[in-house]
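The values are calculated or read from the model by the stated rules, or taken from the named source; none is laboratory data. A quick note: this is a predicted structure, and the numbers were derived from the prediction, not measured. Virtual Cβ from ideal backbone geometry, glycine too; neighbours counted across all protein chains shown. Quick note on the areas: whole protein, heavy atoms, side chains included, nothing else; ligands and nucleic acids left out. Shrake-Rupley method; radii C 1.70, N 1.55, O 1.52, S 1.80 Å.
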Amino acid sequence: VQLQASGGGLVQPGGSLRLSCVVSGISFSNHAMGWFRQAPGREREFVGSISGSGLSESYSRFAQARFIISRDNAKNTVSLQMNNLRPEDTAVYFCAAAKGGVVALDDEEYDAWGQGTQVTVSS
């Protein structure tokens, strides 16, 4: 299984970024997908998850109303649209494939991880 995340970069506060993750080696639509992040000196934390069908999503409190997860099962791709970014959103963002098809909030429910993409929010 391979997950390749991209789209990170430097953005000013209030700006937007769209992260993408291309997945290979699994039956993509059978697996929920998640995004996590890890800031320097902090533990990895859950950002959001989308079910295999794409019909159900779940977000952490900090991501609600600002971040949107979507997926294209025809292209084996999951995306994270991040709006109104704040300096505290600075982190390495990881995509991950869950063991099952329903939204998954705990990192123990994931068994495949991408390499991460750096997001830096700074003026």
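With all projection directions averaged, the alpha carbon convex hull of the chain covers 6.6 nm².
Using R0 = 22 Å, the C-beta based FRET efficiency linking E109 and S24 works out to 0.60.
Protein heavy-atom accessible surface, 1.4 Å probe, per residue over the chain: 50 Å². Couplings 3J(HN,Hα) of segment 40-52, computed from phi: x, x, 10, 6, 5, 10, 6, 9, x, 9, 10, 5, x Hz, in residue order, whole Hz [Karplus 6.51 cos²θ - 1.76 cosθ + 1.60, θ = phi - 60°; x for Gly and Pro].
Carbon and sulfur atoms: what percent of the 1.4 Å accessible area of the chain do they account for?
That fraction is 47 percent.
Across segment 103-112, rounded Karplus estimates of 3J(HN,Hα) from the backbone phi angles (6.51 cos²θ - 1.76 cosθ + 1.60, θ = phi - 60°) give 3, 10, 9, 9, 5, 6, 8, 10, 10, 9 Hz, Gly and Pro being marked x.
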